[in-house]
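Colleague: Dropping a structure here in C-alpha coordinates format, bear with me for questions.
The values are calculated or read from the model by the stated rules, or taken from the named source; none is laboratory data. Keep in mind that this is a model prediction, so the values were computed, not measured. No Cβ is skipped: glycine too gets one built from the backbone with ideal geometry, and neighbour counts run over all protein chains shown. Note: areas computed on protein heavy atoms with side chains; ligands, DNA, RNA excluded. Shrake-Rupley method; radii C 1.70, N 1.55, O 1.52, S 1.80 Å.
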Amino acid sequence: DTGVSQNPRHKITKRGQNVTFRCDPISEHNRLYWYRQTLGQGPEFLTYFQNEAQLEKSRLLSDRFSAERPKGSFSTLEIQRTEQGDSAMYLCASSPSSGTSWYEQYFGPGTRLTVT
Amino acid sequence: GENVEQHPSTLSVQEGDSAVIKCTYSDSASNYFPWYKQELGKGPQLIIDIRSNVGEKKDQRIAVTLNKTAKHFSLHITETQPEDSAVYFCAARFPPGGGADGLTFGKGTHLIIQP
(Lines give C-alpha, C1' and ligand atoms only; values in the text may rest on other atoms or scores of the structure.)
Protein backbone atom coordinates (compact mmCIF):
# COMPACT_ATOMS: atom_id res chain seq x y z
CA ASP A 1 0.00 0.00 0.00
CA THR A 2 1.63 3.24 -1.21
CA GLY A 3 -0.68 5.55 0.70
CA VAL A 4 -2.50 6.75 -2.43
CA SER A 5 -6.15 5.78 -2.29
CA GLN A 6 -8.75 5.74 -5.07
CA ASN A 7 -12.50 5.36 -4.96
CA PRO A 8 -14.44 3.59 -6.17
CA ARG A 9 -12.28 0.58 -7.05
CA HIS A 10 -14.77 -0.57 -9.66
CA LYS A 11 -17.45 1.28 -11.58
CA ILE A 12 -19.91 -0.12 -14.08
CA THR A 13 -21.94 2.41 -16.01
CA LYS A 14 -24.11 2.60 -19.06
CA ARG A 15 -23.01 4.41 -22.17
CA GLY A 16 -23.91 8.07 -22.03
CA GLN A 17 -23.78 8.38 -18.24
CA ASN A 18 -21.33 10.61 -16.37
CA VAL A 19 -18.84 9.15 -13.90
CA THR A 20 -16.54 10.69 -11.31
CA PHE A 21 -13.53 9.12 -9.63
CA ARG A 22 -11.71 10.33 -6.55
CA CYS A 23 -8.02 10.19 -5.65
CA ASP A 24 -6.47 10.94 -2.26
CA PRO A 25 -2.68 11.37 -2.60
CA ILE A 26 -0.01 10.81 0.01
CA SER A 27 -0.58 13.67 2.42
CA GLU A 28 2.70 15.52 2.01
CA HIS A 29 2.76 15.19 -1.79
CA ASN A 30 1.72 18.28 -3.70
CA ARG A 31 1.94 16.84 -7.22
CA LEU A 32 -0.90 14.62 -8.40
CA TYR A 33 -1.18 12.80 -11.74
CA TRP A 34 -3.90 10.94 -13.60
CA TYR A 35 -3.18 8.11 -16.04
CA ARG A 36 -5.33 5.71 -18.04
CA GLN A 37 -4.34 2.08 -18.55
CA THR A 38 -6.01 -0.16 -21.11
CA LEU A 39 -5.62 -3.92 -21.20
CA GLY A 40 -2.13 -5.05 -22.11
CA GLN A 41 -0.71 -1.53 -22.22
CA GLY A 42 1.32 0.71 -19.97
CA PRO A 43 -0.27 3.68 -18.23
CA GLU A 44 -0.93 6.71 -20.43
CA PHE A 45 -0.52 10.20 -18.94
CA LEU A 46 -3.66 12.36 -18.88
CA THR A 47 -3.06 15.38 -16.66
CA TYR A 48 -1.33 16.62 -13.51
CA PHE A 49 -1.61 19.17 -10.71
CA GLN A 50 0.84 21.12 -8.64
CA ASN A 51 -1.19 21.87 -5.53
CA GLU A 52 -4.54 23.11 -6.90
CA ALA A 53 -3.16 24.29 -10.24
CA GLN A 54 -3.71 22.04 -13.24
CA LEU A 55 -0.46 22.47 -15.15
CA GLU A 56 -1.09 20.20 -18.11
CA LYS A 57 -4.39 19.18 -19.62
CA SER A 58 -3.75 19.05 -23.32
CA ARG A 59 -3.32 15.28 -23.10
CA LEU A 60 -6.78 14.66 -21.71
CA LEU A 61 -8.37 12.33 -24.21
CA SER A 62 -11.27 14.57 -25.19
CA ASP A 63 -13.31 17.46 -23.88
CA ARG A 64 -15.51 14.90 -22.12
CA PHE A 65 -12.67 14.43 -19.61
CA SER A 66 -12.02 16.95 -16.86
CA ALA A 67 -10.15 16.94 -13.57
CA GLU A 68 -10.12 19.12 -10.49
CA ARG A 69 -8.12 19.49 -7.33
CA PRO A 70 -9.95 22.34 -5.61
CA LYS A 71 -8.03 22.57 -2.34
CA GLY A 72 -4.78 21.02 -3.37
CA SER A 73 -5.52 17.76 -1.56
CA PHE A 74 -7.81 15.16 -3.17
CA SER A 75 -8.60 15.22 -6.87
CA THR A 76 -11.52 14.11 -9.01
CA LEU A 77 -11.59 12.93 -12.60
CA GLU A 78 -14.91 13.19 -14.42
CA ILE A 79 -15.90 11.60 -17.69
CA GLN A 80 -19.07 12.92 -19.26
CA ARG A 81 -21.24 11.01 -21.73
CA THR A 82 -19.21 7.83 -21.35
CA GLU A 83 -18.45 5.66 -24.36
CA GLN A 84 -17.49 2.01 -24.52
CA GLY A 85 -13.97 3.04 -25.48
CA ASP A 86 -13.60 4.72 -22.09
CA SER A 87 -13.52 1.30 -20.41
CA ALA A 88 -10.09 1.13 -18.76
CA MET A 89 -8.24 1.37 -15.46
CA TYR A 90 -7.84 4.96 -14.27
CA LEU A 91 -4.78 5.42 -12.12
CA CYS A 92 -3.76 8.24 -9.85
CA ALA A 93 -0.20 8.93 -8.68
CA SER A 94 1.39 11.48 -6.42
CA SER A 95 4.87 12.83 -5.83
CA PRO A 96 6.59 15.49 -3.79
CA SER A 97 7.70 18.52 -5.81
CA SER A 98 10.97 19.08 -3.97
CA GLY A 99 13.67 17.14 -2.20
CA THR A 100 15.71 14.21 -3.39
CA SER A 101 12.69 12.08 -4.29
CA TRP A 102 10.63 14.64 -6.13
CA TYR A 103 10.64 12.66 -9.39
CA GLU A 104 9.22 9.54 -7.75
CA GLN A 105 5.57 8.86 -8.56
CA TYR A 106 3.58 6.52 -6.33
CA PHE A 107 0.44 4.98 -7.76
CA GLY A 108 -2.86 4.12 -6.20
CA PRO A 109 -4.74 0.86 -6.85
CA GLY A 110 -6.79 2.38 -9.66
CA THR A 111 -10.47 2.56 -10.55
CA ARG A 112 -11.64 -0.02 -13.08
CA LEU A 113 -14.34 1.50 -15.34
CA THR A 114 -16.59 -0.69 -17.44
CA VAL A 115 -18.99 1.02 -19.84
CA THR A 116 -21.80 -1.20 -21.08
CA GLY B 1 6.99 13.41 -27.85
CA GLU B 2 8.87 10.74 -25.95
CA ASN B 3 8.59 7.13 -27.09
CA VAL B 4 9.59 4.14 -24.96
CA GLU B 5 10.06 0.67 -26.42
CA GLN B 6 10.24 -2.36 -24.12
CA HIS B 7 11.38 -5.93 -24.81
CA PRO B 8 10.54 -8.73 -24.45
CA SER B 9 6.78 -8.70 -24.01
CA THR B 10 6.93 -12.05 -22.19
CA LEU B 11 9.86 -13.59 -20.33
CA SER B 12 9.86 -17.01 -18.73
CA VAL B 13 12.79 -18.01 -16.51
CA GLN B 14 13.52 -20.81 -14.09
CA GLU B 15 13.39 -19.97 -10.42
CA GLY B 16 16.85 -18.92 -9.28
CA ASP B 17 17.95 -17.72 -12.71
CA SER B 18 18.38 -14.09 -13.74
CA ALA B 19 15.96 -11.99 -15.79
CA VAL B 20 16.78 -8.99 -17.94
CA ILE B 21 14.28 -6.55 -19.43
CA LYS B 22 15.39 -3.86 -21.86
CA CYS B 23 13.98 -0.47 -22.85
CA THR B 24 14.93 2.26 -25.29
CA TYR B 25 13.79 5.86 -25.29
CA SER B 26 13.69 8.45 -28.03
CA ASP B 27 14.41 11.85 -26.44
CA SER B 28 17.99 12.34 -25.27
CA ALA B 29 16.82 15.10 -22.89
CA SER B 30 14.93 12.62 -20.70
CA ASN B 31 16.61 12.44 -17.30
CA TYR B 32 14.70 10.01 -15.09
CA PHE B 33 13.88 6.34 -15.67
CA PRO B 34 11.77 4.38 -13.17
CA TRP B 35 10.73 0.74 -13.22
CA TYR B 36 7.36 -0.44 -11.93
CA LYS B 37 6.03 -3.86 -10.99
CA GLN B 38 2.30 -4.46 -11.43
CA GLU B 39 0.47 -7.45 -10.03
CA LEU B 40 -2.98 -8.45 -11.16
CA GLY B 41 -5.64 -6.05 -9.98
CA LYS B 42 -3.17 -3.64 -8.40
CA GLY B 43 -1.59 -0.33 -9.31
CA PRO B 44 2.04 -0.09 -10.48
CA GLN B 45 4.60 -0.28 -7.68
CA LEU B 46 7.86 1.66 -8.00
CA ILE B 47 10.70 -0.82 -7.50
CA ILE B 48 13.81 1.06 -8.64
CA ASP B 49 14.75 4.13 -10.62
CA ILE B 50 17.80 5.78 -12.14
CA ARG B 51 18.66 9.33 -13.09
CA SER B 52 20.64 10.35 -16.12
CA ASN B 53 23.76 11.31 -14.12
CA VAL B 54 24.19 7.70 -12.93
CA GLY B 55 25.11 4.62 -14.97
CA GLU B 56 24.01 1.88 -12.60
CA LYS B 57 21.99 1.45 -9.43
CA LYS B 58 21.45 -1.65 -7.33
CA ASP B 59 19.00 -2.60 -4.61
CA GLN B 60 19.43 -6.14 -3.28
CA ARG B 61 18.45 -8.51 -6.15
CA ILE B 62 17.40 -5.71 -8.50
CA ALA B 63 19.67 -3.49 -10.57
CA VAL B 64 19.16 -0.97 -13.33
CA THR B 65 21.72 0.17 -15.90
CA LEU B 66 21.55 3.22 -18.14
CA ASN B 67 23.41 3.89 -21.38
CA LYS B 68 22.72 7.53 -22.30
CA THR B 69 24.65 7.37 -25.56
CA ALA B 70 22.59 4.48 -26.85
CA LYS B 71 19.43 5.73 -25.10
CA HIS B 72 18.63 2.45 -23.47
CA PHE B 73 18.22 1.15 -19.94
CA SER B 74 17.74 -2.30 -18.50
CA LEU B 75 16.32 -4.01 -15.42
CA HIS B 76 18.21 -6.97 -14.00
CA ILE B 77 16.68 -9.33 -11.44
CA THR B 78 18.97 -11.98 -9.97
CA GLU B 79 18.06 -15.15 -8.06
CA THR B 80 14.45 -14.91 -9.22
CA GLN B 81 11.70 -16.08 -6.90
CA PRO B 82 8.05 -17.01 -7.53
CA GLU B 83 6.91 -13.68 -6.05
CA ASP B 84 8.80 -11.87 -8.82
CA SER B 85 6.14 -13.04 -11.29
CA ALA B 86 4.30 -9.91 -12.46
CA VAL B 87 4.18 -7.38 -15.28
CA TYR B 88 7.11 -4.96 -15.28
CA PHE B 89 6.99 -1.53 -16.89
CA CYS B 90 9.82 0.80 -17.73
CA ALA B 91 9.16 4.52 -18.04
CA ALA B 92 10.88 7.76 -18.93
CA ARG B 93 10.07 11.15 -17.48
CA PHE B 94 8.94 13.74 -19.99
CA PRO B 95 11.94 15.76 -21.15
CA PRO B 96 12.38 18.96 -19.11
CA GLY B 97 11.33 22.21 -20.70
CA GLY B 98 8.27 20.84 -22.41
CA GLY B 99 5.93 22.34 -19.84
CA ALA B 100 4.53 19.04 -18.60
CA ASP B 101 5.63 16.61 -15.92
CA GLY B 102 4.67 12.99 -16.40
CA LEU B 103 5.94 9.57 -17.43
CA THR B 104 5.87 7.74 -20.75
CA PHE B 105 5.59 4.00 -20.19
CA GLY B 106 6.66 1.00 -22.20
CA LYS B 107 4.10 -1.68 -23.03
CA GLY B 108 5.23 -4.01 -20.27
CA THR B 109 6.96 -7.36 -19.84
CA HIS B 110 5.10 -10.28 -18.35
CA LEU B 111 7.70 -12.07 -16.24
CA ILE B 112 6.92 -15.68 -15.42
CA ILE B 113 9.05 -17.54 -12.87
CA GLN B 114 8.91 -21.27 -13.46
CA PRO B 115 9.30 -23.40 -10.30
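Colleague: For chain B, modelled as a GNM with alpha-carbon contacts under 10 angstrom, which of B:Asp49, B:Asp17, B:Asp84 fluctuates the most?
Modeller: Largest GNM mean-square fluctuation: B:Asp17.
Colleague: Next question, about the same structure. Can you send over the carbon and sulfur percentage of the accessible area for chain A, probe radius 1.4 Å, protein chains only? Write out the running numbers ahead of the final one.
Modeller: Details: 2480 of 5640 Å².
Result for chain A: 44 percent of the exposed heavy-atom area is carbon or sulfur.
Colleague: Which ³J(HN,Hα) values in Hz, rounded to whole numbers, follow from the phi angles of the range B:38-55 under the Karplus curve 6.51 cos²θ - 1.76 cosθ + 1.60, where θ = phi - 60° and Gly and Pro get x?
Modeller: Calculated HN-Hα couplings, in order: 10, 9, 4, x, 10, x, x, 10, 5, 10, 6, 8, 9, 9, 5, 8, 10, x Hz.
Colleague: Which order do the peptides B:5-11, A:106-112 take when ranked by the mean count of other beta-carbon atoms within 10 Å per residue, highest first? Walk me through the numbers on the way to the answer.
Modeller: Working: B:5-11: 14.0, A:106-112: 21.6.
Descending mean neighbour count gives A:106-112, B:5-11.
Colleague: Still on this structure, please answer the following. Which residue, chosen from A:His29, A:Ser95, A:Asn7, occupies the Cα position most advanced towards the positive end of the dipole of chain A, where the dipole is computed from +1 (Lys, Arg) and -1 (Asp, Glu) charges on Cβ about the Cα centre?
Modeller: A:Asn7
Colleague: Translational D (Stokes-Einstein, µm²/s) of chain A at 10 °C and 1.306 mPa s when Rh comes from the Kirkwood sum over C-alpha pairs?
Modeller: Values: Rh = 14.1 Å.
Translational D for this selection: 112 µm²/s.
Colleague: Moving on to the next point. Within chain A, what's the longest run with no GluC sites (Glu not before Pro) in a DSSP loop and at most 13 other beta-carbon atoms within 10 Å? Give the range, please. Mind showing how you got there, number by number?
Modeller: On the way: sites that count: A:Glu28, A:Glu83.
So the longest stretch without any such site is A:29-82.
Colleague: Got a sec to turn the phi values of the range A:90-105 into Karplus ³J(HN,Hα) couplings, 6.51 cos²θ - 1.76 cosθ + 1.60 with θ = phi - 60°, whole Hz, x for Gly and Pro?
Modeller: Working through the residues one at a time gives 9, 10, 10, 9, 9, 8, x, 10, 8, x, 6, 10, 6, 7, 6, 9 Hz.
Colleague: Further question: Show the residues, 5+ positions off or on another chain, whose built amide H is closer than 5 Å to the amide H of B:Ser26.
Modeller: HN-HN under 5 Å from B:Ser26: B:Asn3.
Colleague: Using a cut-off of 10 Å between beta-carbons, work out the net charge of the residues near A:Phe74 (Lys and Arg +1, Asp and Glu -1, A:Phe74 not included).
Modeller: Working: positive: A:Arg22, A:Arg69, A:Lys71; negative: A:Asp24, A:Glu68.
Cβ neighbours under 10 Å give a net charge of +1.
Colleague: Right, next: Using the Cα centre of the range A:10-116 as the reference point, and only Cβ charges (+1 on K/R, -1 on D/E), how large is the resulting charge dipole? Debye, rounded to the nearest 20. Mind showing how you got there, number by number?
Modeller: Numbers: 13 positive and 11 negative charges, 75 e Å.
Computed charge dipole of the range A:10-116: roughly 360 debye.
Colleague: Report, as an integer, the average count of C-beta atoms from other chains found within 10 Å of each Cβ along A:45-58. Don't jump to the answer; show the numbers that get you there.
Modeller: Numbers: counts 10, 1, 2, 4, 0, 1, 0, 0, 0, 0, 4, 6, 1, 2.
For this peptide, the per-residue mean of nearby foreign Cβ atoms is 2.
Colleague: Provide the net charge surrounding B:Asp101, with neighbours chosen by a C-beta distance below 13 Å and charges set as Lys +1, Arg +1, Asp -1, Glu -1. Don't skip to the end; give the middle numbers.
Modeller: Values: positive: A:Arg31, A:Lys57, A:Arg59, B:Arg93; negative: A:Glu56, A:Glu104, B:Glu2.
The answer is +1.
Colleague: More than 21 Å apart: what percent of Cα pairs in the protein assembly as shown qualify? Don't skip to the answer; put the middle values down first.
Modeller: Values: 14752 of 26565 pairs.
When every Cα pair of the protein assembly as shown is considered, 56 percent fall beyond 21 Å.
Colleague: Residues of A:73-81, mean number of Cβ from any other protein chain within 10 Å of their own Cβ, rounded to a whole number?
Modeller: Working: counts 0, 0, 0, 0, 0, 0, 0, 0, 0.
Partner Cβ neighbours, averaged per residue: 0.
Colleague: Let me ask you something else. Quick check for you: which residues of the range B:61-87 have the amide N under 12 Å from the point 7 Å beyond the Cα of B:Glu15 toward its beta carbon?
Modeller: Hits in the range B:61-87 for B:Glu15 at 12 Å: B:80-85.
Colleague: Computing the accessible area with a 1.4 Å probe over protein heavy atoms, can you report the carbon and sulfur percentage for chain B?
Modeller: Details: 2620 of 5490 Å².
Of all accessible area on chain B, carbon and sulfur atoms account for 48 percent.
Colleague: Tell me, what is the FRET efficiency for A:Asp63 and B:Thr78 to the nearest 0.05, using R0 = 35 angstrom and their Cβ-Cβ distance as r? Spell out each step's value before the answer.
Modeller: Details: r = 48 Å, r/R0 = 1.38.
Here the calculated transfer efficiency is 0.15.
Colleague: Still on this structure, please answer the following. Just the number, please: Stokes-Einstein D of the range A:30-93 in µm²/s, Kirkwood Rh from C-alpha pairs, 37 °C, 0.692 mPa s.
Modeller: Details: Rh = 12.1 Å.
Calculated translational D: 272 µm²/s.
Colleague: Determine the sum of side-chain charges near B:Thr80: Lys and Arg each +1, Asp and Glu each -1, restricted to other residues whose C-beta is under 9 angstrom from that of B:Thr80. Numbers along the way, then the final one.
Modeller: Numbers: positive: B:Arg61; negative: B:Glu15, B:Asp17, B:Glu79, B:Asp84.
Local charge sum for B:Thr80: -3.
Colleague: Given a 1.4 Å probe, how much area per residue of chain B is accessible, in Å²? Walk me through the intermediate numbers first.
Modeller: Working: 5490 Å² over 115 residues.
With the other protein chains kept in place, chain B gives 48 Å² per residue.
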